[in-house]
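Nothing in this text is a laboratory measurement; each read-out follows from the coordinates by a stated rule. Keep in mind that what you see is a predicted model, and the values were worked out from it rather than measured. With ideal geometry, Cβ positions are generated from the backbone for all residues, glycine too; neighbour counts draw on all protein chains shown.
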Amino acid sequence: MRFGGMISTVDIKSMSREECRSFFESVGEPGYRADQVLEWLYGQRVSSYEDMTNLPRLLRAKLAEVAPLRSPEVLAQRVSPSGDTVKYLMGLTDDNAVEAVLMRHDYGLSLCVSSQVGCPMGCAFCASGIGGLVRDLTCGEMIDQMLAASSDAAERLDGMRVSSLVVMGSGEPLLNYDNVIKFIRLVNWDRGFGIGYRHIAISTCGIVPGILRLAGEGMPLTLSVSLHAPDDVTRSSIMKVNAAYPISTLVKACGQYAQITGRRVTYEYALIAGVNDSPAHAERLAGVLRGTLCHVNLIPLNPVPETPYVRPASCVVEAFASALQSRGVEATIRREMGCGIDAACGQLRRRWVSRRGAEEADPG
Ligand code: SF4
């Protein structure tokens, strides 16, 4: 690509460091310009080439033409009453939207990002899967979620920085594998956001080939697996993925992941009243997981209005946790966050989609 005659534009935020280096070299610039620009974008969080003062003036002007920067667009923002959770509805250039959630913990700020618009997996209890998959997010669209939350945190929370990341919003990240991995490597880069791999978690509903591929990336990420049931009959009734990758295959792949990366696997288990929350379910789950390097995260279900599922009473949740612990399986109950702000994954976007649909049907 030349800088001379105008050619099509490129999205610099969707480039890996290597791709960005090749881009600069292809237009006759030294490759080191790539790291300079990416450091300005992700380390200094500037939003205009004009502010990248160590680049020649002419280059800044050309970049603005050839690789225009679009600032992240926050369509809506909900803050929980405690102020500890902020949900962002991020607008995309093609009129779609995704959610990102910033959470303040005692150990710092963590951000949950989406990896797809909608989700193809159709888990029965989840708002994100209701309309199916719309499309994969680009790396740049995931970067924009980081940028929006980071600048909001810098303004509202005395300059606190996002120190951990979970890829757990809408979408199945292992089905948008290349973009997600590129995004994670950029977020990890020490001259950019600088989030260590050990502070990054990737959540999957159980795509076994993706888990095994991830194990070979040389990135000690936390693998978080949505298990939600201890047996194939129960799991298949709420998660379609179980038909392709049943529990025994999944747990074996997780064991391989733990062995190769040295990282303990987290199993997410959403407790749904009358579906997977009985003492017998706890006993079966302990049988499946005992002796594996893992931790179970019990999540009282965040009910989604479009589904029939409800959360169990808190005494049932506590009894389930004790039943696992007494059988030697490490388990904790996840702290409630975001109640009252469309807390379950995908709810804010679903409300936005239905409101927009109503407006389109009745524009007056
Ligand atoms: S729980 Fe995760 S994998 Fe399942 S439909 Fe929702 S976003 Fe997709």
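Note down the magnitude of the dipole of the chain about its Cα centre, charges +1 on Lys and Arg C-beta and -1 on Asp and Glu C-beta and zero elsewhere, to the nearest 20 debye. Here the chain has a charge dipole of around 600 debye.
When the chymotrypsin sites (Phe, Trp or Tyr not before Pro) in the stretch 79-153 are filtered for DSSP coil states and for at most 13 other beta-carbon atoms within 10 Å of their beta-carbon, the remaining sites are Tyr107. Sum up the charges of everything whose Cβ sits under 13 Å from the Cβ of Ile272, counting Lys and Arg as +1 and Asp and Glu as -1, but leave Ile272 out. My count for the surroundings of Ile272 gives 0. Summarising the strand pairing of the chain, around 45 percent of its internal DSSP beta bridges are antiparallel. Pro246 sits among other residues whose Cβ lies under 13 Å from its own Cβ, and their net charge, with Lys and Arg +1 and Asp and Glu -1, is +1.
Per DSSP helix of 4 or more residues, -39500 (n - 2.57); summed, then divided by the residues of the chain. What does that give at 222 nm, rounded to the nearest 500?
Result for the chain: -10500 deg cm²/dmol, rounded to the nearest 500.
Only lysine pairs 8 or more places apart, or on different chains, with alpha-carbon atoms under 28 angstrom apart are counted in the chain, and they number 9. Taking other residues whose beta carbon is less than 10 angstrom from the beta carbon of Ser114, and scoring Lys, Arg as +1 and Asp, Glu as -1, yields -1. Across the stretch 73-356, the relative contact order, built from alpha-carbon pairs under 8 Å that are at least six residues apart, equals 17 percent.
Within the listed set Pro230, Pro308, Pro209, the Gaussian network model of the chain (springs between alpha-carbon atoms below 10 Å) gives the highest mean-square fluctuation for Pro308. Between the stretch 80-140 and the stretch 182-230, how many Å separate their Cα centres? Here the two parts' Cα centres lie 17 Å apart. When only alpha carbons of the stretch 73-356 are considered, Rg and Dmax amount to 17.9, 51 Å.
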